[in-house]
Amino acid sequence: MQNKKDNIVKFTINKGNNDLNYYKVEVTLKTRSMDFYLGDVLKLQNPQDNNRICGAIVENIHRGNEKISVDGCLRDNLNVSLGDIINVEVEPRKNARVVELLIPIEHINSENNLMDDIKVRLMRKPVHSGNKIPVPITCLNEIINILILKTEPVGVVIVSDSTELKCPLMNIENLESIEEILEYLKNY
């Protein structure tokens with residue numbers, strides 16, 4: 001029986017083909033490993049900080065020396081730079097039942113279709129709790145940053161048609177310090 005740790009491959013970070021400021025989760029692998037296939041869902045993890053995890057999808061595979069091309073958004077979420085080493089492993093594809101997200105309060109408005117717009121932009125993409133994602137919003141004609149608070153099930157999950165997006169309204173006016181706000185957000 002193969003140990004789960006045996007499935008983790010270390011990759012060096014390269015600049016992604018699409019280094020714009022929006023969430024493109026497709027990555028290119030240069031590898032000698034035969035364990036990766038086009039369309040695989042990957043768990044990317046910063047080995048220096050096990051809480052820094054992102055999901056990605058294999059878009060291209062080339063023969064080479066364990067390099068992965070990722071965009072700036074994924075690098076930011078992993079807290080890594082070009083040339084750093086990350087852990088990469090194939091994850092089973094699982095759809096999210098629920099994704100809770102935090103949206104800047106100035107954008108929460110019943111008159112627009114914000115949640116529908118966000119869902120369209122996240123559709124068929126992997127997400128993980130703690131990820132900050134810049135999302136282009138058509139109804140606002142701008143890019144807003146959202147934070148994934150929690151997913152059901154836990155782990156790297158794919159947003160699908162059946163995924164319910166939730167945006168808990170938090171009353172932070174009653175919280176007096178940044179520590180209280182961070183503690184409040186930890187519960188999500």
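The values are calculated or read from the model by the stated rules, or taken from the named source; none is laboratory data. Since the model is a prediction, treat every value here as computed from it, not as a measurement. Glycine gets a Cβ as well: all are built from the backbone with ideal geometry, and neighbour counts include every protein chain shown.
Numbers for the structure displayed
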{"quantity": "Output for the stretch 85-105, where each listed residue is within 16 Å of S160 (Cβ to Cβ) and among the β-branched types (V, I, T)", "calculated": "V98, V99"}
{"quantity": "Set I133, I144: member being touching a Pro at 6+ places or on another chain (Cβ under 9 Å), crowded, with 17+ Cβ neighbours inside 10 Å, outside the structural domain of V70 (by TED's automatic domain parsing) and not in a loop (DSSP other than H, G, I, E, B)", "calculated": "I144"}
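Results for (1) farther than 26 Å from P153 by Cβ; (2) of a type in the set (G, A, S); (3) modelled with pLDDT of 85 or more, shown as yes or no for each residue.
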site: M1; (1), (2), (3): no, no, no
site: K4; (1), (2), (3): no, no, no
site: N18; (1), (2), (3): yes, no, no
site: T31; (1), (2), (3): yes, no, yes
site: F36; (1), (2), (3): no, no, yes
